[in-house]
1. Jot down the per residue volume, in cubic angstrom and as a whole number, of the convex hull over the alpha-carbon atoms of segment 154-207.
2. As an exercise, use a Förster radius of 35 Å and the Cβ-Cβ distance of residue 261 and residue 110 to find the FRET efficiency, rounded to the nearest 0.05.
3. So how compact is segment 134-281: Cα radius of gyration and Dmax in angstrom?
4. Convex hull volume of the Cα atoms in the chain, per residue, in Å³?
5. With axes computed from alpha carbons, what is the tilt in degrees of helix 125-134 against the longest principal axis of the chain, rounded to the nearest 10 within 0 to 90?
6. Going by C-beta contacts inside 10 Å, put 79, 30 in order with the fewest on the left.
7. Full extension from residue 37 to residue 212: what is 0.36 nm times the residue separation minus their Cα-Cα distance, to one decimal in nm?
8. Let me check I have the definition right: for segment 103-180, take the eigenvalues of the Cα gyration tensor, multiply each by 5, take square roots. What are those semi-axes in whole Å, largest first?
């Protein structure tokens, strides 16, 4: 079986987690799964924001092509990097148990501890808007690249602080790096902390095998967050946060959209049934209906 993945250290770690889950479930030997590294446009182009050069498809299109052409049997992704509308031929077959969904602030223990007029490095419109909401005096600069690259930029003094996903740091064995940001301070990106596995919709055997390692709670919560994105029509240009958690057999779903300067926030939450994508989409549409024309325009590009 050929597992397709990007070549970053985090992507390789997540691919190894997936391979290990399959080997453990079925008792397979090491050589049963071959890792195939596919370089993506998002990895090659590091000097511009994703929104300017094609959005999340830059992380997936080469892996999608490898699947379609039979070069790999399944592909592993960070779910927050997977665009909302996927090709008809490709199916999200499984998700591993979700890790910590929170962000980490690196460079200070909390936002209040940053100096006046702080420089914060990030490539995420969501993080940029949430930082500006908390610290209107902040100046945001572009930080692209893998975890080591971004930490190196911070170490070199290019910014006072940056933000990274706790899940990624944990998977790289760097749990001690940074300070956790509470969820009531920064709601995470939709699907943050989740690893997804895709295969061709017509590959029944692969769908069956991958289904055996899928975490049902993670799958249902992440699909609810992705349904919010669908309701919003959100792109990489749009500051969006969403989080679904299981509570008493149902899903508590929270979401917010923000203006780029962080000064307008529209937020809502709902309790929905597991698998009720329509209710999650409706929550997203409701956010837009309550937004100002300027904020709504971010979602109409």
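Where a number appears in this text, it was derived from the coordinates with a stated rule and is not lab data. Note that the structure is predicted; figures quoted are calculated from it, not measured. Here the Cβ is made from the backbone with ideal geometry for all residues, glycine too, and neighbour counts use every protein chain on show.
1. Numbers: hull volume 7.8 nm³, N = 54.
Given the Cα convex hull of segment 154-207, per-residue volume reads 144 Å³.
2. On the way: r = 21 Å, r/R0 = 0.60.
Between residue 261 and residue 110 the formula returns 0.95.
3. Cα radius of gyration and Dmax of segment 134-281 are 17.6, 54 Å respectively.
4. Details: hull volume 38.9 nm³, N = 301.
Hull volume over Cα atoms, normalised by residue count, gives 129 Å³.
5. In the chain, helix 125-134 runs at an angle near 30 degrees to the longest axis.
6. Values: 79 25, 30 8.
By the 10 Å Cβ count, ascending, the order reads 30, 79.
7. Values: separation 175, 0.36 × 175 = 63.00 nm, distance 2.39 nm.
Using 0.36 nm per residue and subtracting the Cα-Cα distance, I get 60.6 nm.
8. On the way: eigenvalues 71, 33, 28 Å².
So the equivalent ellipsoid measures 19, 13, 12 Å along its semi-axes.
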